[in-house]
Amino acid sequence: MKHIWIFFMALFMMVSCGGNKEAVITIENPVALDRPDEPVTIERTHLDSLVSGVPEGKVPLVKNMQGDVIPSQADDLNKDGQWDELFLLVNLKPNESKQLKVSFVSPEALPKFIQRANVRFANYPKHKELDYAKRLRSTDSPSTQHAFQMEGPAWENDKVGFRNYYDARNGMDIFGKRVSRMVLDSVGLVPHSYHVLKDWGMDILKVGNSLGAGAIALMVEDSVYRVDLPKEGTYERVSDGPLRAVIKLGYYGWKAGGNVYDIVDEISIWGGTNFYRSNITVKGLTGHESLITGIVHHCDSLIIDEPNDKYVFFATHCNQAYEGEKLGMAILVKSDDFITTINAPETGNGIVNTYMVDLKLHEDNPTFYCFYSGWEKQDPRFADVDFFKNVIADDANRMANPVVVK
């Protein structure tokens, strides 16, 4: 009997130490809210603890308890050559709890999932995908168009797209989408062609010298400085789908108000959302700075709403899209980070024509905000301001009551 026990123990250890390790995780919705496409992140260290070490060279394969594969991706966020976070989108009913099985397979054994998020940054006119490029010093669109497809990095999901002017303007713009497929790889092959409505959509925002769709500035003492030309401006593609896309824009050695700062803007987007998220980290703080972001001033009034005691959003909604259609734009932030709103002047040399939102900065943690776009040609319901506001409020209530992963 003792020998049989030893045999089974040895067999168990061989399975555990091999490639057949499996963990069961539970995802709980703690409140009575529907959660379609709920983003769930699971740290590698958590899975390590569940299976006594993730097998070397393997990636997670997620299935429900019936054996159906759940789309997911394993992201190497710190670029050390080893994935460190599992990301998936889960549909949860009110107060629902789901169990999922996580096993580990070789990367080539993963199924090919539908692409729901995408990053595109390419040069012009060769349209070669770029992993690195210096931020241009120009302030005019023609110069940047002749250097980069779409004038800089762009990111999208199955609902909306955005781009950054990769020059001293450092503006943010919106691509309204009418289709769920990824389109930005082929947009802008001919400069300015995206200002004409196509089957997929178009560029829908007039930005000018405003902060457009959530560009950043810094308040130092009582002055506002657009984050423009640093000593070194960098771009890094961190993750490129299929479910989530992440990029980092770096501003190293940027000078403002007699000080020098290092700023990193980590931008992410995932399937099913109407927003992108920015995580802003600033090094070199003296205690007299705050973060500024904003919405271009095309509407007569700014909507301010607090869906709960943890989040507040700032929105505009009117006929402000490129061809005069209804477009809603909004910035969602933590209530504890909000300081005040500021109206930029209509004209001048600096930031103009912008509803600005002033936010606290933190030494050890990033300040984040979510920038929303709701275009009536994407979904006719976005012509209704109440529908647009409810989309943001629902997201805010879900964020205030995050899912629990066990």
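One table, with the values for the structure above:
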quantity: Tally of residues being surrounded by 16 or more Cβ atoms within 10 Å (Cβ to Cβ) and either free of Cβ contacts under 8 Å to residues at least 60 places away in the same chain or of a type in the set (Val, Ile, Thr) (or both) across region 305-317; calculated: 3
quantity: Any hit, region 195-203, residues being under 17 Å from residue 275 (Cα atoms), among the acidic types (Asp, Glu), assigned to a strand (DSSP E or B) and touching a residue at least 60 places away in the same chain (Cβ under 8 Å); calculated: yes
quantity: Residue list for region 18-56, filter: assigned to a strand (DSSP E or B) and either touching an Asp or Glu at 6+ places or on another chain (Cβ under 6 Å) or among the charged types (D, E, K, R) (or both); calculated: 22, 28, 35, 37, 38, 41, 43
quantity: Single residue of region 310-367 satisfying the filter (of a type in the set (Asp, Glu) and assigned to a loop (DSSP other than H, G, I, E, B)) that is nearest to residue 285 (Cα to Cα); calculated: 363
quantity: Residues satisfying the stated conditions in region 142-199, i.e. closer than 22 Å to residue 128 by Cβ and of a type in the set (S, T, N, Q); calculated: 143, 144, 145, 149, 164, 186, 193
quantity: Among (1) assigned to a strand (DSSP E or B); (2) at pLDDT below 95 - the single one residue 139 does not satisfy; calculated: (1)
quantity: Looking only at region 244-258, and only at residues there that are out of contact with any Asp or Glu (no Cβ under 7 Å at 6 or more places or on another chain) and aliphatic (A, V, I, L, M), the one that is surrounded by the fewest Cβ atoms within 10 Å (Cβ to Cβ); calculated: 256
quantity: Residue check for residue 302: of a type in the set (A, V, I, L, M), surrounded by fewer than 20 Cβ atoms within 10 Å (Cβ to Cβ) and touching a residue at least 40 places away in the same chain (Cβ under 8 Å); calculated: yes
quantity: Of residues in region 151-200 being in contact with a strand residue (DSSP E or B) (Cβ under 6 Å, 6 or more places away or on another chain) and at pLDDT below 95, the one surrounded by the most Cβ atoms within 10 Å (Cβ to Cβ); calculated: 194
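Each row is one residue, and each column tells you yes or no for (1) under 30 Å from residue 225 (Cα atoms); (2) outside any loop (DSSP other than H, G, I, E, B); (3) within 21 Å of the chain's Cα centre (by Cα).
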{"position": "104", "(1), (2), (3)": "no, yes, no"}
{"position": "108", "(1), (2), (3)": "no, yes, no"}
{"position": "125", "(1), (2), (3)": "no, no, no"}
{"position": "156", "(1), (2), (3)": "yes, yes, yes"}
{"position": "168", "(1), (2), (3)": "yes, no, no"}
{"position": "180", "(1), (2), (3)": "no, no, yes"}
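The values are calculated or read from the model by the stated rules, or taken from the named source; none is laboratory data. Predicted, not measured: the structure shown is a model, and the values here were computed from it. Cβ coordinates were reconstructed from backbone atoms using ideal geometry, including for glycine residues, and neighbour counts include every protein chain displayed.
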